[in-house]
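Structure, as structure tokens:
Rule-based calculations on the coordinates, nothing more; no lab input. As the structure is a computational prediction, the values presented were derived from the model and not from experiment. All Cβ positions, glycine included, derive from the backbone under ideal geometry; neighbour counts span all protein chains shown.
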Ligand code: NAP
């Protein structure tokens, strides 16, 4: 069996390492490759994967939305999010799914997060925020979306409402929400180079969980600030792990060896 990740750039993707560690642990005769594919090269990329009998592949930036017209069918998650991160080939037919949002939620559940009566604040309104907002709304979580470009937050909040969820929006700044938030999720790239988010967390409850989708560095200034105020913190590695584990279930119909894959990721990111 052959799997891959496509997108641009993909040379730093940790998906090959994570999936191959899992294949090896279970003794599966499977490989996981990476192919740089740009928007302009998407048709050629898909042709290549089909001609070379790939059973499925992951899709990353900038192809998650652009790949949709090339697919025959979308899962409900992919349809609601409007983006695909996992493709499966069944008898030559291309099926699209999205495991980002559910992967995120599973990563929290695996750490014992209690989903009842939760208020979530999402910083950012891009692709990742959208996947998370859809998954949180499906769990009945009240969502506030804060974004630098406020009308993008508004658009996403309104989309969540059309899916039956509860979402409000605002600009990227602190507010009364700080005293009430149970789950605060940072989905912008701010912090990858050590930059600070323009939000001071003084007043946040120590019972709040604070997640940053960035995993390199493992502790962004935002997460460090949340830890200072006593919050439970998680970086983006658990989400990466669980979106990959859900891809296994979609492709192979089996549970992924989570511990092995997690160990491979942690060893690599510790370097
Ligand atoms: P995206 O669609 O490009 O969205 C980026 C978001 O960040 C937008 O809301 C944008 O706001 C905001 N933003 C960017 N630069 C900013 C700045 N300097 N100040 C304030 N806001 C800024 O990107 P994405 O696909 O959602 O990815 C976002 C992050 O999540 C990336 O760091 C990515 O690596 C990470 N991610 C992690 C995982 C995982 O498994 N851990 C999965 C997916 C993504 P505007 O609308 O104002 O431009």
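A few remarks follow.
- Shape of the stretch 170-271, Cα gyration tensor, a/c cut at 1.5: prolate
- Calculated SAXS-style log₁₀ I(q)/I(0) at q = 0.10, 0.14, 0.18, 0.19 Å⁻¹ - the stretch 1-132, Debye, Cα scatterers: -0.36, -0.68, -1.07, -1.16
- Pairwise label distance in nanometres, residue 139 with residue 174, each label 7 Å out on the Cα-Cβ vector: 2.6
- The chain: relative contact order in percent, alpha carbon pairs under 8 Å with at least 6 residues between: 16
- Across 48, 61, 32, mean-square fluctuation computed from a Gaussian network of the chain (C-alpha pairs under 10 Å connected) peaks at 48.
- Of 142, 114, 151, the one that fluctuates the most in a GNM where the chain has Cα springs shorter than 10 Å: 114
- Bridge type composition, the chain - antiparallel percent by DSSP, nearest 5: 20
- For the chain, built as a Gaussian network whose Cα springs stay under 10 Å, the top-fluctuating residue of 145, 214, 42: 42
- Extended-chain gain in nm, criterion 0.36 nm per residue less alpha-carbon gap, residue 205 and residue 161: 13.1 nm
- For residue 110 and residue 260, the difference between the fully extended length at 0.36 nm per residue and the C-alpha to C-alpha distance is 52.5 nm.
- Gyration tensor verdict on the stretch 78-208 (Cα atoms; rounded if a/c is under 1.5, prolate if a/b is larger than b/c, oblate otherwise): prolate
- In range of the label at residue 29: residues from the stretch 225-265 whose backbone nitrogen is under 19 Å from the point 7 Å along Cα→Cβ: 252-254
- Within the chain, helix-based [θ] at 222 nm, where runs of 4 or more DSSP H residues each add -39,500 (n - 2.57), nearest 500: -11000 deg cm²/dmol
- For the stretch 40-83, the Rg and Dmax computed from alpha carbons only, in angstrom: 10.9, 31
- In plain terms, if you count all Cα to Cα distances in the chain and split them into 5 Å steps from zero, the share in each step is 1, 6, 13, 17, 19, 17, 13, 9, 4, 2, 0, 0 percent.
- Cα centroid separation, the stretch 1-57 to the stretch 74-131: 20 Å.
- Length-normalised contact order for the stretch 120-271 - Cα pairs under 8 Å, 6+ apart - percent: 17
- Computed over the stretch 24-98, the convex hull of the alpha-carbon atoms projects to a mean area of 5.5 nm².
- Residue order for 52, 97, fewest other beta carbons within 10 angstrom first, comes to 52, 97.
- Considering only the stretch 76-204, percent of DSSP beta bridges that pair antiparallel, nearest 5: 25
- Chain lengthening between residue 47 and residue 250 when straightened (0.36 nm per residue, less Cα-Cα): 70.9 nm
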